[in-house]
Amino acid sequence: MRVECIAFDLDGTLIDSLPGLAEAVAAMRTRCGLGAAAQASVASWIGRGTRVLVTRALQDGLGRDPDADEVERGHAMFVEAYGRTCESGSSLRPGARELLLRLFALGVPCAITTNKLESFAVQIATRLNIDSLLKTVIGGDTGERKPSPWMLHEAARRCGVDPGRGLLIGDSMIDVETAAAARWPVWLVDGGYGTPGSAAALPPASRRFRDVPDLAHELLPLVQAGAVTLPK
C-alpha cells in the first residue's frame with residue numbers, strides 16, 4: 001500500500017498534554033464547586049474533544065449527567081483556563097521531534113488531526129517548534145470531528161495528495177475508528193490516552209508500537225522518495 005501523507009493525532013501521540021489538561025479541568029471543577037479529579041481519570045476522558053472532556057469531568061464530579069447549561073458554562077471555564085495551561089502543560093513525547101524532522105527532510109507531507117480546538121493545537125505546535133514541519137493543523141472545531149473520516153481526507157487534500165493514500169498515527173480507539181472510516185491504515189503508539197485501540201479492530205496494514213522511537217524505527221526505512229510503501 002502506497003502512502004503519500006501522514007496524519008498525526010496530537011494528545012498522547014505526539015505530545016504529553018495531560019498536565020495542562022488536568023490543571024484546566026481542576027480549575028473548571030473548582031469554579032463549579034467540585035473536588036479535584038485524578039490525572040488518570042482526566043486521561044481517560046481525553047480524545048473526543050474538549051466538550052466531551054468537560055461533560056465527563058462534570059459527570060464525574062456531580063455524580064449525574066450535567067444539563068446543557070452546565071456543560072456550556074463548564075466548557076467556557078475550561079477553555080479560559082486551558083488558554084493559560086496548554087503551553088506550559090504540554091511537551092513532546094520522546095522521539096516525536098526527531099521523527100517529524102526526518103519525515104520533513106524526506107519530503108513526506110505531515111499533518112496534525114486532532115479533536116482539540118484548532119487554536120490550541122496551533123498554539124501548542126508553535127510553542128513546541130514543530131509547526132514548520134507540518135503542512136497543516138486541523139482541529140475539532142474546523143469541520144467534522146473524529147471518528148468521522150472528514151479530518152483525514154481534508155488533511156490529504158491540504159497536503160495535495162489522493163485522500164485514499166494516507167497513514168494515521170495515533171494512540172487510541174478513536175484513531176482506529178477514524179482510520180477505518182477513512183479506509184486508512186493506523187499505526188498506534190502505546191502510552192497515550194483514552195481507550196487503547198484493539199488489535200482485533202485494526203484496519204489492513206495497521207500496527208502497534210510501544211513508543212514513538214519504536215514506530216520510527218519501522219517507518220523510516222519504508223520512506224522512499226517522499227512516499228511510504230506499507231506491507232499489506
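Annotation for region 21-37: no member residue is within 24 Å of residue 154 (Cα to Cα) and among the charged types (D, E, K, R).
Residues that are crowded, with 18+ Cβ neighbours inside 10 Å, part of a helix (DSSP H, G or I), free of Cβ contacts under 8 Å to residues at least 40 places away in the same chain and not basic (Lys, Arg) within region 46-70 comprise 53, 54, 55, 57, 58, 60, 61, listed in sequence order.
Considering 107, 140, which residue is at pLDDT below 95, in a loop (DSSP other than H, G, I, E, B), surrounded by fewer than 20 Cβ atoms within 10 Å (Cβ to Cβ) and not hydrophobic (A, V, I, L, M, F, W, C)? Working first, answer last.
Values: 140 fails: surrounded by fewer than 20 Cβ atoms within 10 Å (Cβ to Cβ).
From the options 107, 140, the qualifying one is 107.
When each of 190, 211, 171 is tested for being modelled with pLDDT of 90 or more, touching a Pro at 6+ places or on another chain (Cβ under 9 Å), surrounded by 23 or more Cβ atoms within 10 Å (Cβ to Cβ) and not hydrophobic (A, V, I, L, M, F, W, C), the lone residue that passes is 171. The single condition among (1) under 17 Å from the mean Cα position of the chain (by Cα); (2) closer than 30 Å to residue 230 by Cα that residue 86 does not meet is (2). Among the residues of region 126-137 satisfying the criterion of being over 24 Å from residue 221 (Cα atoms) and in contact (Cβ under 8 Å) with a residue 40 or more places away in the chain, which is surrounded by the most Cβ atoms within 10 Å (Cβ to Cβ)? Within region 126-137, the match that is surrounded by the most Cβ atoms within 10 Å (Cβ to Cβ) is 128. Inspection of region 76-85 finds a residue satisfying the criterion of being in a helix (DSSP H, G or I), touching a residue at least 24 places away in the same chain (Cβ under 8 Å), in contact with a Lys or Arg (Cβ under 7 Å, 6 or more places away or on another chain) and buried (at least 17 other Cβ atoms within 10 Å of the Cβ).
The values are calculated or read from the model by the stated rules, or taken from the named source; none is laboratory data. All values reported here derive from a predicted model rather than from experimental measurement. Reconstructed Cβ throughout: ideal geometry from the backbone, glycine too, with neighbour counts over all protein chains shown.
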